[in-house]
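The values are calculated or read from the model by the stated rules, or taken from the named source; none is laboratory data. Remember, predicted model here, so these are calculated numbers, not experimental data. Positions of Cβ are backbone-derived with ideal geometry, glycine not excepted, and every protein chain shown enters the neighbour counts.
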Ligand code: SF4
Ligand code: SF4
C-alpha cells in the first residue's frame, strides 16, 4: 500500500511582528534583573542563591515523588506477591517480574523484580495498581550511576524495611496532617 502524505497548511510564523520583539525584550529583562540582583548580592556577601550540592540540599516540595521501592516486611521478606499488576500498569514497561511459589501464607513471591530506572518516569502508577501496598513511591531521587547497567535496580536494591520507609504519603501526613 502506498504511503499517503497529508499536507497541513499552516500560517507562516510571524517572527518579525512587534509582539515577538516585545517577548524577547521581556525575557532578556528577566534574565538581566536576576543577574544584577545576584551580582550585587554576591558583592554584599549573600550566597543563598547558590546551593553547594551535595553539602547543601534543596528543600524539596512536599509532593515530591521519588523512585519506586519495594516494601520489606519485619520478617525480612518482601510484601510483594508477584501478581504482576504493577508490571501491567507501568506505561514504560520498565518493571520485570518473575514469580515463584512459596510454602508460606503468601503464595507467591517475586524471584526476580527489576526496575529499569532509565525508563521509569516516576509516574506512580505502579503504586496505584498494587493491591498489597508492596511498591511505593519513595522520596529518593539521587539515583545517578556511572553506567547503564547501574540503572537496573534488582529486588535486593529495591527492598526497603517498612520501618525506614518514609513515603510521599507519610511526608504529606506529617506536614499537613492529611
Ligand atoms: S513510577 Fe511509573 S514508570 Fe516508574 S515503575 Fe512505576 S509505573 Fe513504571
Ligand atoms: S508490587 Fe504489588 S502490584 Fe507489583 S507484583 Fe508485587 S504485589 Fe503485585
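When the residues of the stretch 95-109 are filtered to those that are at pLDDT 95 or above and within 24 Å of residue 164 (Cβ to Cβ), the one that is farthest from ligand 2 (Cβ to nearest atom) is 95. May I ask you to verify whether residue 74 is within 16 Å of ligand 1 (Cβ to nearest atom), at pLDDT 85 or above and within 30 Å of residue 107 (Cα to Cα)? So residue 74 fails the test. Among 130, 126, 120, which is within 14 Å of ligand 2 (Cβ to nearest atom) and either within 11 Å of the chain's Cα centre (by Cα) or without any contact (Cβ under 8 Å) to a residue 24 or more places away in the chain (or both)? After applying the criteria, what remains is 120.
Would you mind stating whether residue 62 is surrounded by fewer than 18 Cβ atoms within 10 Å (Cβ to Cβ), at pLDDT 95 or above, over 21 Å from residue 163 (Cβ atoms) and under 14 Å from the mean Cα position of the chain (by Cα)? It is false that residue 62 is surrounded by fewer than 18 Cβ atoms within 10 Å (Cβ to Cβ), at pLDDT 95 or above, over 21 Å from residue 163 (Cβ atoms) and under 14 Å from the mean Cα position of the chain (by Cα). For the stretch 19-39, the criterion of being more than 15 Å from ligand 2 (Cβ to nearest atom), surrounded by 10 or more Cβ atoms within 10 Å (Cβ to Cβ) and under 21 Å from the mean Cα position of the chain (by Cα) is met by no residue.
The residue list 80, 123, 94, 86 contains one member that is surrounded by 12 or more Cβ atoms within 10 Å (Cβ to Cβ) and in contact with a helix residue (DSSP H, G or I) (Cβ under 7 Å, 6 or more places away or on another chain), which is 86. Residue 7 falls short on exactly one of the conditions (1) modelled with pLDDT of 80 or more; (2) surrounded by 10 or more Cβ atoms within 10 Å (Cβ to Cβ), and that condition is (2).
Could you check the stretch 74-94 and list, in sequence order, the residues that are in contact (Cβ under 8 Å) with a residue 40 or more places away in the chain and within 12 Å of ligand 2 (Cβ to nearest atom)?
78, 79, 80, 81, 83, 85, 86, 88, 89
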